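This report refers to the structure that appears directly beneath it.
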Amino acid sequence: MPKMKTVRGAAKRFKVKKSGKIKRGSAFRSHILSKMSQKRKRRLRSAHYVAEVDVPRIKLTLGMK
């Protein structure tokens with residue numbers, strides 16, 4: 001059976017940590033930031049993790065079992 005290929009777009013967006021959690025970037029940080037409050041922009045800067053229900057699907061796209 002051939003190896004599972006990694007979805008390259010997913011590999012660029014997610015990082016698996018030692019604990020098994022999957023780190024992700026936050027949305028709404030690309031443009032039109034002038035109308036957004038500093039507090040909201042600051043909160044979007046911090047690390048976010050993929051929800052537990054989505055972890056198996058993300059691991060599958062990353063080529064993990």
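The values are calculated or read from the model by the stated rules, or taken from the named source; none is laboratory data. This one's a predicted model, so the numbers in the text were calculated from it and none came from an experiment. FYI the Cβ positions are ideal-geometry reconstructions off the backbone, even for glycines, and counts take in every protein chain you see. When the accessible area is computed, the model is the full protein with side chains, heavy atoms only, and any ligands, DNA or RNA have been set aside. Shrake-Rupley method; radii C 1.70, N 1.55, O 1.52, S 1.80 Å.
Structure notes:
- Any hit, segment 15-27, residues being of a type in the set (A, V, I, L, M), open to solvent by 100 Å² or more (accessible area, probe 1.4 Å) and under 17 Å from Lys65 (Cα atoms): no
- Residue pairs whose Cβ atoms lie under 8 Å apart, separated by 6 or more positions or on different chains, with the first residue in segment 18-47 and over 22 Å from Leu60 (Cα atoms) and of a type in the set (Phe, Trp, Tyr) and the second open to solvent by less than 100 Å² (accessible area, probe 1.4 Å) and part of a loop (DSSP other than H, G, I, E, B), are Phe28/Met36.
- Residue within segment 2-10 that is in contact (Cβ under 8 Å) with a residue 24 or more places away in the chain and under 11 Å from the mean Cα position of the chain (by Cα) present: yes
- Check on Ala11, hydrophobic (A, V, I, L, M, F, W, C), modelled with pLDDT of 95 or more, surrounded by 10 or more Cβ atoms within 10 Å (Cβ to Cβ) and out of contact with any helix residue (DSSP H, G or I) (no Cβ under 9 Å at 6 or more places or on another chain): no
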